[in-house]
Amino acid sequence: MRRETVEAVLVDRGAVFDIHALRLRPDQPSLYLQFLRGLQDADRKRVLEAVNRVAEHGPPRNLTKCRDIEGEPNLFELKEGQCRVLWFYSRRRGVIVFTHGFYKKGQRTPPREIKRAVQLKEAYSDLYE
């Protein structure tokens, strides 16, 4: 399997964390921004507010808002309604990296979304850590 090349771009800066998002090509927006653009206004607003809270105060401790992905070290899911953003902590202090977002329809996080996040995290680690 081909490993993707990624670039991290700053999407939010807060008191506690800088939030970076991954993009696959310099001439494209980040995968997170592409996800946001596809949302309805109300969902987009809720996700942006949740991301701003993470930047200002850190990830929520409430499992209904944020949880770790079982079986995947340092991979988490930020939840806002049916919108999900997968992310991980960078080894660089004070940096959280968003891999991508998706609209969750079922009870469980789709394995293909987890696999995609793991691949993106590995590509980031190859370049930045």
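Any read-out appearing in this document is the output of simple, stated calculations on the displayed coordinates, not a laboratory observation. What you see is a predicted model, and the numbers here were worked out from it, not measured in a lab. Cβ atoms come from the backbone with ideal geometry, glycine included; neighbour counts cover every protein chain shown.
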- Which residue, chosen from Ala123, Gly71, Tyr32, occupies the Cα position most advanced towards the positive end of the dipole of the chain, where the dipole is computed from +1 (Lys, Arg) and -1 (Asp, Glu) charges on Cβ about the Cα centre? Gly71
- As a check on your grasp of the helix formula, calculate [θ] at 222 nm for the chain: sum -39500 (n - 2.57) over DSSP H runs of n ≥ 4, divide by the residue count, round to the nearest 500. -10500 deg cm²/dmol
- Item | Net charge, Phe17 excluded, C-beta distance under 14 Å - Lys, Arg +1, Asp, Glu -1 | +2
- Task: Quick one: divide the alpha-carbon radius of gyration of the stretch 2-56 by 2.2 N^0.38 Å and tell me what you get.
- Result: 1.22
- Note on the chain: contact order normalised by length, alpha-carbon pairs under 8 Å, 6 or more apart, percent, works out to 26 percent
- Note on the structure: Evaluated at 37 °C and 0.692 mPa s, the Stokes-Einstein D of the stretch 7-128 based on the Kirkwood radius over Cα pairs, in µm²/s, stands at 229 µm²/s
- Once both labels are modelled 7 Å past Cα along the beta-carbon direction, what's the Arg61-Asp41 spacing in nm? 3.7 nm
- Item | DSSP-loop trypsin sites (Lys or Arg not before Pro) across the stretch 27-89, with at most 15 other Cβ within 10 angstrom | Arg61, Lys65
